[in-house]
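The values are calculated or read from the model by the stated rules, or taken from the named source; none is laboratory data. Small disclaimer: the values here were computed from a predicted structure and weren't measured. Backbone-built Cβ (ideal geometry, glycine too); neighbour counts: all protein chains shown.
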Amino acid sequence: MWLVNHDDGSIKFPRDAAPHPFANLEWWYCYAFLTGAQGNRYALMASFFRIGELPVLKGHYLIHSLLRVNDKRSRSESAWDCRLALQLAGLYLPMYHIMNAITKKQQTTGTRRNRNSTPQWLENVTVQSHPTRLKYGRSELTFADDLTSHFHLQLSGGATRASLHFAPVKPVAIIDAQGSMNGLQYYSVTRNTVTGELYHADTGVTEPVSGEGWFDHQWGRNYGLIQGTGWDWFGLQLDDGRDVLINRLRAADSAAPAPPTAILIGKDGAMTRSHNVTLEPLAHWQSLYTGVRYPVEWRISLPDLAIELHVTPLAKSQEIPIIGPMRAIWEGACKVSGHSRSEKGVRILINGHGFTELVGYAD
């Protein structure tokens, strides 16, 4: 069953697992930390986007990446369909240029081509409900039925091929029922067991893998990317069974970002929110391909939750090229260390892993 924490009636299941025709922006996102049968370690992420102003003729975009943790090799891939290309050319890019002056820096930065930067064309895209099934070319995200939040991820395009099953071990967490943060309603399943296999095109070997993963679904009406809004997002899984989600919006016309929101999801799925959050970048990395400089190492202080964290990338080069004026984001697997304090004041060491998403730095 769809077990839900903090459901105030604005998000209902299984209804809201399905696509939302009247949203102009919607995405289903997941990541997984995996260990292969021979001990090789991997971090994989995938995001299926649906974009468009009308209930019909939506555009579709798929991005995914795979980090080979052992040798710090990361590869990203993307694909889009002709409907999204038409909407970008006919609507969204003109809106962006009207709302944003194109600076000399934006025109000249990033002339070197990334080997991963050319998106592929998506053909035979289908999206269905009851149960939810997203088929983007040969890649799919499919829910088992309308009664559970189990789903299967199939990535079959390009060099990264994966077949993974996500089984939730926590209830659904309602992150933003009203869309108050950025106009998007938002729920997560922050802890899943993941089993399946990876196919390595370079060796022709199919490797059984297992681990744990994260799932997000967001939808609504939002024009923040056109206006130049960016964000810093952290989805962190701690070894003690707790999860931490942190989100901070950065407006293009403001030097001061909006106050971050942090949510602690306990072992049992219970949620605690705090806006008393300090995000301090400790180290930056600059892309050779786009010239964009990202803050990739962070110190995070959550005093209301009695948690101090140090987030470090497993590899610095985890930039993903993005179509349109955004040009790129940094979507990276990270390790987590730090400490928390018990109710009696005892200092407890923290370790874990997760993903950091840095959007809007190319602007």
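Tabulated data
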{"item": "Subset of region 154-167 [under 25 Å from Asn247 (Cα atoms) and touching a Leu at 6+ places or on another chain (Cβ under 8 Å)]", "result": "Phe166"}
{"item": "Within region 312-334, tally of residues that are at pLDDT below 95, assigned to a loop (DSSP other than H, G, I, E, B) and either among the hydrophobic types (A, V, I, L, M, F, W, C) or surrounded by fewer than 21 Cβ atoms within 10 Å (Cβ to Cβ) (or both)", "result": "5"}
{"item": "All positions within region 68-86 that are charged (D, E, K, R) and part of a strand (DSSP E or B)", "result": "Arg68, Arg73, Arg75, Glu77"}
{"item": "Residue match in region 61-72 (condition: within 23 Å of Trp121 (Cβ to Cβ) and over 17 Å from the mean Cα position of the chain (by Cα))", "result": "no"}
{"item": "All positions within region 132-173 that are under 18 Å from Gly213 (Cα atoms), of a type in the set (S, T, N, Q) and without any contact (Cβ under 8 Å) to a residue 60 or more places away in the chain", "result": "Thr142, Gln154, Ser163"}
{"item": "Residues that are surrounded by fewer than 22 Cβ atoms within 10 Å (Cβ to Cβ) and assigned to a strand (DSSP E or B), drawn from region 175-187", "result": "Asp176, Leu184"}
{"item": "Any hit, region 290-303, residues being within 20 Å of Ala262 (Cα to Cα) and touching an Asp or Glu at 6+ places or on another chain (Cβ under 6 Å)", "result": "yes"}
{"item": "Identity of the residue in region 118-165, acidic (Asp, Glu) and in contact with a Pro (Cβ under 7 Å, 6 or more places away or on another chain), that ends up surrounded by the most Cβ atoms within 10 Å (Cβ to Cβ)", "result": "Asp146"}
{"item": "When residues of region 337-363 are limited to those that are in a loop (DSSP other than H, G, I, E, B) and of a type in the set (Ser, Thr, Tyr), the one surrounded by the most Cβ atoms within 10 Å (Cβ to Cβ)", "result": "Tyr361"}
{"item": "Given (1) over 21 Å from the mean Cα position of the chain (by Cα); (2) of a type in the set (A, V, I, L, M, F, W, C); (3) modelled with pLDDT under 95, index of the condition Ala283 fails", "result": "(3)"}
{"item": "Selected residue (criterion: modelled with the highest pLDDT) from residues of region 341-359 that are of a type in the set (A, V, I, L, M) and within 30 Å of Pro321 (Cα to Cα)", "result": "Leu358"}
